[in-house]
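To start, the structure itself, in structure tokens.
A short reminder: the numbers here are calculations on the coordinates, not readings from a lab. The model shown is predicted, which means the values in this text are computed figures rather than measured ones. With ideal geometry, Cβ positions are generated from the backbone for all residues, glycine too; neighbour counts draw on all protein chains shown.
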């Protein structure tokens with residue numbers, strides 16, 4: 001096996017050429033994490049260890065040399081876990097509905113007390129299924145609204161953005177399983193975004209950053225963080241920030257939820273296109289996203 005010299009190259013994926021051949025096996029047991037290349041034993045062990053840790057709600061510290069594909073390996077491990085958990089939730093809803101249906105129908109031989117007991121149990125299962133399904137539907141509702149607004153926006157002038165079907169009442173926030181990747185630099189978020197594109201996963205992604213990174217108001221962005229927060233608050237309260245308009249902020253969050261913007265640079269670029277606040281738009285999209293990149 002060709003030896004890797006971590007010190008010669010600081011890129012995230014300095015792997016032998018054989019490791020970069022597309023993974024052609026279809027058996028799930030041979031590549032349970034949908035790794036886009038044939039994984040090395042070290043990578044597979046790391047993904048298995050991370051998956052086991054997440055299943056047990058544990059805390060772990062993992063270490064791997066430079067050039068062993070930590071970013072791609074971590075993304076595949078945690079997104080596989082999220083995908084499986086979401087599937088289990090849907091199966092849980094379906095199973096409880098089926099159990100409730102069977103209890104209500106009975107077999108025709110129950111006496112009154114047993115039938116009543118079955119009915120009460122069926123109602124408990126139905127309520128449990130309804131509660132879990134309602135959490136899923138909150139997200140679906142928000143995504144459908146985003147798609148409708150984006151479609152309407154294509155045919156509207158700047159002055160008509162307020163009429164893009166903005167909800168008039170506060171939204172009920174969903175309870176979603178989320179993965180947070182915290183980084184030290186913006187370039188690391190770019191690396192995460194690049195590696196994510198190499199996988200088959202399509203999670204809803206939001207990149208979070210400070211006002212210094214996301215604000216496009218010159219009166220705020222060049223100030224130190226503590227002063228920037230106070231200045232931002234004053235401008236918002238007085239209605240003097242031209243970028244903090246509710247309709248435009250929501251429209252930009254729609255772009256994030258639809259996958260149009262993922263990287264911090266994407267958010268800033270789209271902020272300028274829409275004259276909208278990327279700092280608050282990213283936070284508005286946050287409750288409905290599954291993957292969070294934070295610097």
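Before moving on, here are some points about what is shown:
- Taking packing as the residue-averaged number of other Cβ atoms within 10 angstrom, the listed peptides 199-205, 101-107, 81-87 run from highest to lowest as 199-205, 81-87, 101-107.
- The slack in the chain from residue 147 to residue 176, taken as 0.36 nm per residue of separation less the alpha-carbon distance, amounts to 8.5 nm.
- Spatial separation of Cα centroids for segment 47-107 and segment 113-148, in angstrom: 21 Å
- Mean projected area (nm²) of the alpha-carbon convex hull when segment 82-294 is viewed from all directions: 16.0 nm²
- Extension gain (nm, one decimal) between residue 275 and residue 183, 0.36 nm per residue minus Cα-Cα: 30.4 nm
- If a spin label sat at a point 7 angstrom from the Cα of residue 91 along the line to its beta carbon, the backbone N atoms of segment 39-62 nearer than 17 Å would be those of 52, 55-56.
- Efficiency of FRET between residue 130 and residue 227 - r from beta-carbon atoms, R0 45 angstrom, step 0.05: 0.40
- When both segment 191-214 and segment 251-275 are represented by their alpha-carbon centers, they are found 12 Å apart.
- Histogrammed with a bin width of 5 Å, the alpha carbon distances of segment 35-95 distribute as 4, 16, 27, 22, 15, 9, 5, 2, 1 percent, first bin at zero.
- Extension gain from residue 236 to residue 45, taking 0.36 nm per residue of separation minus the Cα-Cα distance: 63.8 nm
- Rounded if a/c under 1.5, otherwise prolate or oblate - segment 91-139, Cα gyration tensor axes: prolate
- Segment 33-153, relative contact order in percent, only Cα pairs under 8 angstrom and at least six apart counted: 22 percent
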